[in-house]
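For reference, the structure is listed below as structure tokens.
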Amino acid sequence: MWLYLAALVGLYHLLRWYRERQVVSHLRDKYIFITGCDSGFGNLLARQLDLQGLRVLAACLTEKGAQQLRKQTSDRLETVILDVTKTESIAAATQWVKEHVGDRVLLVGLWGLVNNAGISIPTAPNEWLTKQDFMKILDVNLLGVIEVTLSLLPLVRKARGRVVNVSSVMGRISLFGGGYCVSKYGVEAFSDSLRRELSHFGVKVAMIEPGVFSTNITNMEAFSQSFRTAWDQASPEVKELYGETFVPTFLESLETLKPRWSKNLSLVTNCMEHALTACHPRTRYSCGWDAKLFYLPMSYMPTFLVDFMAYWSSPRPAQALQLDLRGLRVLAACLTEKGAQQLRKQTSDRLETVIPDVTRTESIAAATQWVEECLGAEIHLDFFYHPGKPPLSTNIPTGVFPILGTFTCQA
Ligand SMILES: NC(=O)c1ccc[n+]([C@@H]2O[C@H](COP(=O)([O-])OP(=O)(O)OC[C@H]3O[C@@H](n4cnc5c(N)ncnc54)[C@H](OP(=O)(O)O)[C@@H]3O)[C@@H](O)[C@H]2O)c1
């Protein structure tokens with residue numbers, strides 16, 4: 001039975017692999033229009049498709065970006081200046097594309113439209129931001145995508161071509177405040193309805209959902225500056241709630257994640273290329289290991305679990321409701337007596353401290369005995385949180401969360 005099942009799964013993947021390898025013909029005659037080609041994925045995709053011999057119409061935000069791209073590519077690649085937030089700029093670029101994809105009698109159409117242009121700042125906790133901050137991102141990432149698509153759609157339909165919208169894993173799971181996740185959820189919704197409508201006309205719509213990659217959009221310097229600006233504009237009440245240490249703590253925690261961000265941008269551009277050139281493109285492409293193994297599986301988890309993971313893994317505002325403040329009896333383990341003293345000063349008499357070193361078995365044994373004495377006969381331990389490795393010894397049934405550490409409950 002299991003053997004048949006494995007054989008069926010193997011056959012399915014083999015067929016899928018074969019099907020996905022079929023490439024459309026006459027690629028050298030096909031025009032592809034890409035937005036946001038100054039840097040990052042758009043820039044690499046333009047160069048990649050140019051090398052493959054496709055006719056790339058690359059839209060850049062700045063003349064400098066356009067010049068640099070032209071220097072690195074063949075004469076076939078042409079550039080135009082486009083700001084996706086400006087209707088007149090989109091109209092002018094559409095006219096320019098029309099002139100390139102054929103004269104009025106023999107219009108071959110636009111094979112591919114790649115909506116790639118995007119920004120990510122200002123990003124900060126929602127309460128620090130204004131409506132204008134949200135609009136700034138939505139204007140580029142969502143309304144820009146919609147207006148460019150509506151404007152170029154007649155040309156794409158003519159070619160029975162492809163629309164490739166660059167979304168993000170943050171369009172599947174919203175892990176931080178500000179307009180970015182909102183915009184990417186919007187791109188997903190727009191793409192889903194567009195795909196269904198355009199299927200009647202032979203046009204295919206694909207979504208690209210990258211994880212986190214090192215590009216200008218994830219530049220830490222720009223991000224830190226924008227985060228601090230958002231903090232500066234926050235109301236005194238909000239500042240008091242979050243506390244002065246929130247900004248440095250948050251930025252430090254982000255800095256520790258930075259080495260894990262992928263530098264291999266071709267993981268994304270290869271997906272874009274497949275969406276444009278394969279006979280049977282996928283509807284969604286998740287690009288990068290973090291997207292495939294972490295964010296996407298997380299997006300399918302029950303919401304309460306995702307909330308729990310986000311709650312424990314993100315920095316806490318200074319005046320967040322704390323367990324001691326909530327009236328729970330907290331047994332707090334600190335590594336040093338100094339840390340324990342400071343904590344006792346800030347909390348009620350209910351909170352008690354112990355000093356175990358979690359790398360030493362005898363220290364853990366002593367702490368366990370202390371916990372047992374504190375609990376007494378009739379009281380039980382409801383909740384155990386350990387931010388690192390699982391405990392070396394405990395009588396309590398243990399479940400291990402890979403991200404959060406260990407969480408145990410009395411049965
Ligand atoms: N990097 C990631 O981790 C990641 C993850 C998921 C999704 N994405 C998405 O991938 C897309 C490309 O981002 P990227 O990572 O390649 O970053 P990037 O290097 O900053 O590329 C974004 C491009 O969009 C351009 N742009 C910005 N505002 C524009 C406007 N108003 N009109 C036209 N073009 C504009 C930028 O021009 P300038 O360079 O001149 O500013 C730049 O060329 C974005 O949609 C982003 O949301 C990125």
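The values are calculated or read from the model by the stated rules, or taken from the named source; none is laboratory data. Owing to the predicted nature of the structure, the values given are computational and were not obtained by experimental measurement. All Cβ positions, glycine included, derive from the backbone under ideal geometry; neighbour counts span all protein chains shown.
Data for the structure
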| quantity | calculated |
| --- | --- |
| Among residues of segment 222-257, those that are without any contact (Cβ under 8 Å) to a residue 40 or more places away in the chain and in contact with a helix residue (DSSP H, G or I) (Cβ under 6 Å, 6 or more places away or on another chain), counted | 3 |
| Count of residues meeting criterion [free of Cβ contacts under 8 Å to residues at least 12 places away in the same chain and either in a loop (DSSP other than H, G, I, E, B) or surrounded by 15 or more Cβ atoms within 10 Å (Cβ to Cβ) (or both)] in segment 329-347 | 2 |
| Subset of segment 15-68 (residues that are in contact (Cβ under 8 Å) with a residue 12 or more places away in the chain and of a type in the set (Gly, Ala, Ser)) | Gly36, Ser39, Gly40, Gly42, Ala46, Gly53, Ala58, Ala59, Gly65, Ala66 |
| Residue identified as touching a residue at least 12 places away in the same chain (Cβ under 8 Å), charged (D, E, K, R) and farther than 28 Å from Asn270 by Cα among Asp133, Asp83 | Asp133 |
| Some residue of segment 68-81 being of a type in the set (A, V, I, L, M), away from the ligand (no atom under 14 Å from the Cβ) and either buried (at least 22 other Cβ atoms within 10 Å of the Cβ) or at pLDDT 95 or above (or both) | yes |
| Residue list for segment 1-58, filter: modelled with pLDDT under 90 and within 16 Å of the ligand (Cβ to nearest atom) | none |
| Helices (runs of 4 or more DSSP H) lying entirely in segment 236-308 (those with 2 or more residues that are modelled with pLDDT of 95 or more and more than 16 Å from the chain's Cα centre (by Cα)) | 266-277 |
| Failed condition for Ala91, given (1) within 13 Å of the ligand (Cβ to nearest atom); (2) assigned to a helix (DSSP H, G or I); (3) surrounded by fewer than 18 Cβ atoms within 10 Å (Cβ to Cβ); (4) of a type in the set (A, V, I, L, M) | (1) |
| Filtered residues of segment 205-226 (kept if surrounded by 18 or more Cβ atoms within 10 Å (Cβ to Cβ), outside any loop (DSSP other than H, G, I, E, B) and within 6 Å of the ligand (Cβ to nearest atom)) | Pro210, Phe213, Ile217 |
| Some residue of segment 258-269 being under 30 Å from Leu45 (Cβ atoms), in contact with a Cys (Cβ under 8 Å, 6 or more places away or on another chain) and β-branched (Val, Ile, Thr) | yes |
| Any hit, segment 29-47, residues being closer than 22 Å to Arg160 by Cβ and out of contact with any helix residue (DSSP H, G or I) (no Cβ under 7 Å at 6 or more places or on another chain) | yes |
| Qualifying positions in segment 25-60 - assigned to a loop (DSSP other than H, G, I, E, B), in contact with a strand residue (DSSP E or B) (Cβ under 7 Å, 6 or more places away or on another chain) and more than 10 Å from Val114 (Cβ to Cβ) | Lys30, Asp38, Leu54 |
| Helices (runs of 4 or more DSSP H) contained entirely in segment 119-204, each with at least 2 residues that are away from the ligand (no atom under 16 Å from the Cβ), among the acidic types (Asp, Glu) and modelled with pLDDT of 95 or more | 179-198 |
| Single unsatisfied condition, Arg76 versus (1) basic (Lys, Arg); (2) part of a loop (DSSP other than H, G, I, E, B); (3) within 30 Å of Asp139 (Cα to Cα) | (3) |
| Long-range neighbours under 9 Å by Cβ, at least six apart or interchain, first residue touching a residue at least 40 places away in the same chain (Cβ under 8 Å) and closer than 16 Å to Leu254 by Cβ within segment 305-318, second part of a helix (DSSP H, G or I) and among the charged types (D, E, K, R) | Pro315/Glu252 |
| Residues of segment 69-80 satisfying the condition of being out of contact with any Phe, Trp or Tyr (no Cβ under 9 Å at 6 or more places or on another chain) and either farther than 19 Å from Met272 by Cβ or free of Cβ contacts under 8 Å to residues at least 40 places away in the same chain (or both) | Leu69, Arg70, Lys71, Gln72, Thr73, Ser74, Asp75, Arg76, Leu77 |
